[in-house]
Amino acid sequence: MAIVAETRLFPPILTPYFPAKNIESINTSIQIPFDINDFNDPSIITEVHVMITRQSNYQSLFKTSGQVDEHDIPIHPYYPLGIYPIAVDQTILESKVLTIPTAVVSGYTIINVNELDFNEYYKVQIRFSSVTDSDLVAAGHSGVDLSNRLLNESAMAQFSEWSSVGLMRFIAEPTMTIKGNISGDSNIMTPDNVNPYLLDTHYLDIFGSFTKQGNTALILDTNTYDKSSDQEYLASWKVQVLDTNDEVLVDSGVQEVNFRGSNINEIKYNIPFYFTTSTNYYIVLSIVTANLYENSYTYLIRCEQSDYNWGSQEDVNEYTSLDSVIGKVNVSFEAHDGSTVPAGGKFTIRRADNINDFNYWEPIWSYSIDTPITPDAPVTFDDFTIESGTIYKYSITYTDANGNSYNIVEGPVLSVFDHAFLTGEGTQLCVKFNPNVNNFKYNVSDNSINTIGGQYPYITRNGNMRYRSFGLSGTIAYEMDAENQFATRASIYGQWFNVYGSYFVNRYINATNDRITQREFRELVMDFLYNDTPKLFRSTPEGNILVRLTDISLTPNTQLARMIYDFSCTATEIGECSIDNYKLYQIQDFGDLV
């Protein structure tokens, strides 16, 4: 008895969700990506059948063009089963993309773009065939003949099963609006401009949203179509700054959007870059929506107007100083003698360092002037996040109530300090006495695998884990806070400061026997060490490390009758030392920055 081998086709593979398609980009065709099961023999696939139906009413997109013959029978393409056949060749099978025409072909339209609705999901299914039914269309047969062929039981063995369902959605072209410090109109609607937009200052803060022109609703929309609301939501975005040679100068990285937020389609980003005067740059905004629609918008900009010289204004004096003993840079603003800085203005401080060639300028402090500033009440800012051994420059901007900006770049400042510091919660603890760092190591995930019959093991490293940890110890004494950064006697004793002071004088209590102040100070230090907030560890040998303290213990110094204690702990690195993380963990005061 002879054995006859029957060739079977396995169904094609579709992704459950297709990226949303821009209605304005499908004037001529719709592309459907697919994949081929490894069990299939591509050489016998001659045709693909496509079904696209509306999810709301299950009506097919493939229907008659309205033309009929002399017997009132619809002329092709007429697909009563909602199945559209496409003849395929090796090129289509290799690209794995089907193209369905939407423009007029030979006097008829296969899919009418005007019938596509927004906020409508379309179900797509395809199957393979080893016979070519599309020849019937080319030969001028009616849809009835094609329907009979597709329903012929003898031909069923030549078809694969239908694929799983893939969902398709159409959206209108989103409109991107940028709001920033741009000369003239601060609301830019059209990207890809030939003439550059001009900046008011050397810095650009992007406040962008996807809006419908003339409508403040925060939805992805367009004024091109008046059909049902084309709501689409932003999933992620990225901002890049490029020079005219396409070198990336700033990259924000992919920023995910919180769908539960109130302004889910807004972009707020302070570009940390100093735009040089009379130089062209490209700002590229890349977006991905909730339905995976991707697009990018390019804006040509140039800073033509330099900031006003700091010395040309008559309101503010500015002073910048470095205190290497306590590891900080102080910036103060005060009014001229006999004058007042009016309310309504704003101070902004940005910082750059030699590590990034002073091109990467990040806002580090901002202060809105709510009440007038007088000469005897300056506004001050202390930067405790500087790293020993790094050279810094500070850009200081005063913007008055009329929007005029006065700017000066201070520096360079090289900071080197002798002590170790733990900075956090708006204060700083100086580890001045007996500081010790031990067991300093990088933690990685290495595994040793012994093989059967092998002399040496395999060493593998798993994941991207790499963080530092070390032991930290020192002596807790009120004198370690010589500059009163952490606490003062007045803050320790509060309203009873004078009572304690009189007691100390009468009992001849001084620095050598003041056990009460040492105890109260130690309690504050213990609270600081034991709470679960991150700290910024700073020292000249180790640099800046963002840490969380664990395994904290205290040991009384018996030689001094337990008046002072030693502490020890384990410091574990928990993140990158960046201004964003410093703000996240509230390492210091950043003013009005958000």
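The values are calculated or read from the model by the stated rules, or taken from the named source; none is laboratory data. Computed from a predicted structure; not experimentally measured. All Cβ positions, even for glycine, are placed from backbone atoms using ideal geometry, and neighbour counts span all protein chains on display.
Before moving on, here are some points about what is shown:
- Selection over segment 548-594 of residues that are assigned to a helix (DSSP H, G or I) and of a type in the set (Gly, Ala, Ser) gives a count of 0.
- Segment 383-408, residues that are surrounded by fewer than 18 Cβ atoms within 10 Å (Cβ to Cβ) and not in a loop (DSSP other than H, G, I, E, B): 391, 393, 408
- Scanning segment 178-196 for residues that are of a type in the set (Val, Ile, Thr) and at pLDDT 70 or above turns up 178, 182, 194.
- Qualifying residue in segment 156-172 (condition: modelled with pLDDT under 75, not assigned by TED's automatic domain parsing to the domain that holds residue 402 and not aliphatic (A, V, I, L, M)): no
- Taking first residues from segment 14-33 that are without any contact (Cβ under 8 Å) to a residue 24 or more places away in the chain and outside the structural domain of residue 123 (by TED's automatic domain parsing) and partners that are part of a strand (DSSP E or B) and not acidic (Asp, Glu), no Cβ contact under 7 Å between residues at least 6 apart in sequence or on separate chains turns up.
- Members of segment 362-385 found to be free of Cβ contacts under 8 Å to residues at least 60 places away in the same chain and either closer than 20 Å to residue 535 by Cα or of a type outside the set (Val, Ile, Thr) (or both), listed by number: 370, 372, 375, 376, 377, 378
- Looking only at residues in segment 560-594 that are surrounded by 15 or more Cβ atoms within 10 Å (Cβ to Cβ) and charged (D, E, K, R), the one that is modelled with the highest pLDDT is 573.
- Failed condition for residue 70, given (1) modelled with pLDDT under 85; (2) charged (D, E, K, R); (3) touching a Leu at 6+ places or on another chain (Cβ under 8 Å): (3)
- Residue in segment 550-559 that is modelled with pLDDT of 90 or more, buried (at least 18 other Cβ atoms within 10 Å of the Cβ) and not hydroxyl-bearing (Ser, Thr, Tyr) present: no
- When segment 41-65 is filtered for residues that are out of contact with any strand residue (DSSP E or B) (no Cβ under 7 Å at 6 or more places or on another chain) and either part of a loop (DSSP other than H, G, I, E, B) or among the acidic types (Asp, Glu) (or both), the ones remaining, listed by number, are 41, 56, 57, 58, 63.
- Considering residues of segment 14-40 that are assigned to a strand (DSSP E or B) and β-branched (Val, Ile, Thr) only, the residue surrounded by the fewest Cβ atoms within 10 Å (Cβ to Cβ): 32
- Neighbours by Cβ (under 8 Å, 6+ apart or cross-chain): first from segment 428-439, in contact (Cβ under 8 Å) with a residue 12 or more places away in the chain and closer than 19 Å to residue 384 by Cα; second β-branched (Val, Ile, Thr) and assigned to a loop (DSSP other than H, G, I, E, B): 428/326; 430/326
- Test result for residue 390, closer than 24 Å to residue 576 by Cβ, more than 25 Å from the chain's Cα centre (by Cα) and touching a residue at least 24 places away in the same chain (Cβ under 8 Å): yes
- Of the criteria (1) more than 29 Å from the chain's Cα centre (by Cα); (2) under 25 Å from residue 361 (Cβ atoms); (3) at pLDDT 85 or above, which one residue 415 fails: (3)
- If the condition is being β-branched (Val, Ile, Thr) and in contact (Cβ under 8 Å) with a residue 60 or more places away in the chain, then segment 274-315 contributes 276, 277, 283, 287, 289, 298, 301.
- Filtered residue count, segment 444-495, keeping only those that are in a loop (DSSP other than H, G, I, E, B) and of a type in the set (Val, Ile, Thr): 4
- Test: residue in segment 104-122 that is within 37 Å of the chain's Cα centre (by Cα), in a strand (DSSP E or B) and at pLDDT 85 or above: yes
- Answer from 462, 498 - the residue that is within 34 Å of the chain's Cα centre (by Cα) and at pLDDT below 85: 462
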